[in-house]
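Trainee: Can you keep this structure in mind? I'll have questions shortly.
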Amino acid sequence: LSGSLFRDTDGDRFNFWKIEGDLTHYLHFGYNRVLAIRVAGALTEAEDGASVPFYFLSELGERESIRGFDRGRFRDLDMFLGSLEYRIPIWHSIDSFFFADAGQVANDIFKDLSGKDLQFGFGGGIRFYNTKDLVAVLQVAASKERFRIYFNLN
């Protein structure tokens, strides 16, 4: 959980606050299987007569939120995100995973949260480890707009 207060040094054009939270819980099953449950959100509020710069708006899309969309595909003041990821070991240093992501951005998430504007992404992938760390991740993701392949090398 984090909070920020932004003050414009040249006047009152960009005065706002932002609160962000991100919570992940891991449920462990037999044979080293894991279900990762993630919930994240952000609330942003401009002071009277002020606005929030575009680059400080909450966004959804890309690997950190709804996989299968371009980064920043959806932007607004507030954001809500939920994700499920089921991880299955394949070999000593290789895991597979399957995921489903859902989220929404809105001007006021408490008033505008609705099923009709909820965005979804789903897919799966493989993680490669050495004896200490995660080495690489290959993901395949789909959404209503596109099919994406992600590759990360640490």
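Any read-out appearing in this document is the output of simple, stated calculations on the displayed coordinates, not a laboratory observation. For clarity, every value in this text was computed on a predicted model and none was experimentally measured. As a convention, Cβ positions derive from the backbone with ideal geometry for all residues, glycine included, and neighbour counts pool all protein chains shown.
Trainee: Which one, PHE69, PRO53, ASN107, is farthest towards the positive end of the dipole of segment 1-148 when Lys and Arg carry +1 and Asp and Glu -1 on their Cβ?
Mentor: PHE69
Trainee: Extent of segment 2-153 along each principal axis, from alpha carbon coordinates, in Å, largest to smallest?
Mentor: Extents along the principal axes: 58, 35, 26 Å.
Trainee: Order 99-106, 31-38, 130-137 from most to least packed using the mean count of other Cβ atoms within 10 Å.
Mentor: Ranking, from highest mean packing down: 99-106, 31-38, 130-137.
Trainee: Using the Cα centre of segment 2-153 as the reference point, and only Cβ charges (+1 on K/R, -1 on D/E), how large is the resulting charge dipole? Debye, rounded to the nearest 20.
Mentor: Charge dipole of segment 2-153: 900 debye, to the nearest 20.
Trainee: For a protection proxy built on the mean count of beta-carbon atoms within 10 angstrom, sort 141-153, 65-77 highest first, please.
Mentor: Ranked from most to least packed, the peptides come out as 65-77, 141-153.
Trainee: At 222 nm, what value in deg cm²/dmol follows for the chain if DSSP H runs of at least 4 each add -39500 (n - 2.57) and the sum is divided by all its residues, to the nearest 500?
Mentor: -500 deg cm²/dmol
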